[in-house]
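Participant: This is the structure, below, for whatever I ask next.
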Amino acid sequence: MLSNISWSSYLSAVVIFAAVWYGFLIYKYYLGNLKNIFQGKMKQSFGEKDLKSKSGPFSEFKESFSTLEDAEELYDKLLTVFTESDAGGLSKAAFKNYIRFILLEYPFVKQSALRGKINSLVVLESAKYPELLLTLSEMDSLWEEEV
């Protein structure tokens, strides 16, 4: 009896059975979602979280997402450097070395257009701490110097 069934008939039956099975699963579990999509009530989104415009100090730049995330992370770290240095009473030289050490961790930010924005934000933040006051030229030179 099995010798009367050809391979092409067998494969056709398997494909038809698989299509019916997956059609049943989609109908059973995803019918509501499909109706909403086709009626326009729910829009399908692909990576909407990544494509939304971010609000923050770096929202106007069109850098890659990883560079923007690195810049935001660097800025947050630099803000904590100010509070830690002020609380710990670090000298300005030790404070600059601390910043240099952190800047070395972000070489892509160093090469991007975000470097100027980071510099200006850090200088603005340093105005809150008179003993740790930095100028734009000092901050820019910290990117180039080695620890």
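The values are calculated or read from the model by the stated rules, or taken from the named source; none is laboratory data. Bear in mind the structure is a predicted one, so any value in this text is a computation, not a measurement. Every residue, glycine as well, gets a Cβ built from its backbone with ideal geometry; the counts of neighbours run over all protein chains shown. What goes into the accessible areas is simple: the full protein's heavy atoms, side chains included, and nothing from ligands, DNA or RNA. Shrake-Rupley method; radii C 1.70, N 1.55, O 1.52, S 1.80 Å.
Participant: From the residues in the stretch 85-99 that are within 14 Å of residue 128 (Cβ to Cβ) and touching a Phe, Trp or Tyr at 6+ places or on another chain (Cβ under 8 Å), which one is least open to solvent (accessible area, probe 1.4 Å)? Lay out the reasoning, then the answer.
Facilitator: To start, the set of residues in the stretch 85-99 that are within 14 Å of residue 128 (Cβ to Cβ) comprises 85-87, 95.
Right, trim to touching a Phe, Trp or Tyr at 6+ places or on another chain (Cβ under 8 Å) and you get 85-86.
Values: 85: 2, 86: 68 Å².
In this case the residue turns out to be 85.
Participant: Evaluate the following for residue 109: is it open to solvent by less than 30 Å² (accessible area, probe 1.4 Å) and in contact with an Asp or Glu (Cβ under 8 Å, 6 or more places away or on another chain)? Lay out the reasoning, then the answer.
Facilitator: Numbers: open to solvent by less than 30 Å² (accessible area, probe 1.4 Å): yes; in contact with an Asp or Glu (Cβ under 8 Å, 6 or more places away or on another chain): yes.
Judged against the criteria, residue 109 is a match.
Participant: Looking at (1) surrounded by 16 or more Cβ atoms within 10 Å (Cβ to Cβ); (2) without any contact (Cβ under 8 Å) to a residue 60 or more places away in the chain; (3) within 14 Å of residue 140 (Cα to Cα), which is the one condition that is false for residue 75?
Facilitator: (3)
Participant: Within the stretch 84-102, can one find any residue that is closer than 26 Å to residue 68 by Cβ and in a loop (DSSP other than H, G, I, E, B)?
Facilitator: No: zero hits.
Participant: Something else about it: Report yes if residue 43 is part of a helix (DSSP H, G or I), farther than 24 Å from residue 142 by Cα and either open to solvent by 70 Å² or more (accessible area, probe 1.4 Å) or at pLDDT below 80 (or both), otherwise no. Can you show your working first?
Facilitator: Working: part of a helix (DSSP H, G or I): no; farther than 24 Å from residue 142 by Cα: yes; either open to solvent by 70 Å² or more (accessible area, probe 1.4 Å) or at pLDDT below 80 (or both): yes.
It is false that residue 43 is part of a helix (DSSP H, G or I), farther than 24 Å from residue 142 by Cα and either open to solvent by 70 Å² or more (accessible area, probe 1.4 Å) or at pLDDT below 80 (or both).
Participant: Here is a follow-up. Which pairs do you get when a residue that is modelled with pLDDT of 85 or more, found in the stretch 114-135, comes within reach of a residue that is open to solvent by 10 Å² or more (accessible area, probe 1.4 Å) and part of a loop (DSSP other than H, G, I, E, B), reach meaning Cβ atoms under 6 angstrom, with the pair 6+ apart or on two chains?
Facilitator: 121/57; 126/133
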